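To keep things clear, I will list the structure first and then write my remarks on it.
Please treat every number below as a calculation from the coordinates, not as lab data. What you see is a predicted model; the values in this text were computed from it and never measured. Here the Cβ positions follow ideal geometry from the backbone for every residue, glycine too, while neighbour counts run over all protein chains shown.
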Amino acid sequence: MKNLLISTLVLIQMLGCKSNEQIPQQETRNIDALYQQFHGKYRIVSAVSNEEVDVNLDGKASTDLLTEIEELTIGSLTNPYSEIRIYKPSQLNPEASFLFTQAWPQQFVRMGNGKVWDGLEMIAYNPNYSFAYDMKVVVRKFDFSEDLKQLTVVPDNSEAPIFLQSSPKSVSVLDDGKIVVTADRKIYTSEGVKQITVTTTYERFTMTT
C-alpha cells in the first residue's frame, strides 16, 4: 500500500510538471519578434488598379482608386483597413497562429424593381442604376515565408464566389514594414462592370487590435 501511494504521488507530480511545461524559450522569442514587427492594424497608403476605371462616374478614368472610391479615404461606414494578428502559444493553444484581415468597400448596385447586382454578373452601365458601399471584411489564416517577405494566405474554398474574387492573391512585406496586398475585384464603372486587379499598400498605425 505504501509503495502504491508513493507511485501515485510520483505520477501526479510528473503529470503536474507536464501540464505546467513551458513553451521553449527560442520559440517564444521568435513569436515575440513577429508580434512586435507585424501585429496591429494597417491603414491604406495607396490603392491602384491595373487599368484606368471611372468608378465615381465623373467621366474621368484613373488607376488611382483613392480618387475613384471615396470610401477608401472617408470611410463613413467603417474605416477600410488591414489587420495582422499574431496569437502567441499558450497552455491552451501550444502553437502560434496568424490571422490576416482586409476590409474593403463593396459596391451595392441597385438595378431597379428590387433587384440588386450580385457582385458577379458583368452588367452594363445604366444611368438609372445607383450604388452605395457596404464594408466587406475578409479574414484568412496565413503563414510567413522563411524570409518574412510574404504572407501565404490560406484560401477558403467553402465560400461563395463573390467572396473568393476579393480574397488576397498575394500579400508582400516591403523593407520599410509596409504591406502590399493584391486582389482581383469586380467593380461597377461608367463602362459597366470590369474585373480589375487592385494593389493596395498599407502601413501600420497601431498595435492595438
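Once you have a ≥ b ≥ c as the square roots of the Cα gyration tensor eigenvalues for the range 116-180, tell me rounded if a/c is under 1.5, and otherwise prolate or oblate according to whether a/b is larger than b/c.
Working: a/c = 3.39, a/b = 2.12, b/c = 1.60.
The shape class here is prolate.
Give me the orientation-averaged projected area of the Cα convex hull of the range 25-206, in nm², one decimal. Intermediate values should be presented prior to the final figure.
Details: hull surface 48.2 nm².
Approximately 12.1 nm², given one-decimal rounding.
Find, among the GluC sites (Glu not before Pro) in the range 41-133, those assigned to loop by DSSP (not H, G, I, E, B) with at most 16 other beta-carbon atoms within 10 angstrom. Before the final figure, lay out each step's value.
Working: sites: 51, 52, 68, 70, 71, 83, 95, 121; in loops: 95, 121.
Hits after loop and neighbour filter: 95, 121.
By the count of neighbouring beta-carbon atoms within 10 Å, fewest first, 151, 92, 66 end up ordered 92, 66, 151.
So, with +1 on the Cβ of K and R and -1 on the Cβ of D and E, and no other charges, what is the size of the charge dipole of the range 25-206 about its Cα centre, to the nearest 20 debye?
So the magnitude is around 400 debye.
Phi angles across the range 123-130 convert, under the Karplus curve 6.51 cos²θ - 1.76 cosθ + 1.60 with θ = phi - 60°, into 3J(HN,Hα) values of 6, 7, 5, 9, x, 8, 7, 9 Hz, Gly and Pro given as x.
Placing a label point 7 Å from the Cα of residue 143 along the Cα-to-Cβ direction, the residues of the range 153-188 with a backbone N closer than 13 Å are 153-155. Once both labels are positioned 7 Å from their Cα atoms along Cα-to-Cβ, the gap between residue 156 and residue 64 label points is 3.4 nm.
Taking a threshold of 22 Å on the Cα-Cα distance, which of the pairs 115/169; 41/136; 149/186; 60/115 fall above it?
Values: 115/169 30 Å; 41/136 16 Å; 149/186 28 Å; 60/115 28 Å.
Long pairs (Cα-Cα over 22 Å): 115/169; 149/186; 60/115.
So, R0 is 30 Å and r is the distance between the beta-carbons of residue 95 and residue 48; what FRET efficiency does that work out to, to 0.05? Efficiency computed from Cβ-Cβ geometry: 0.25.
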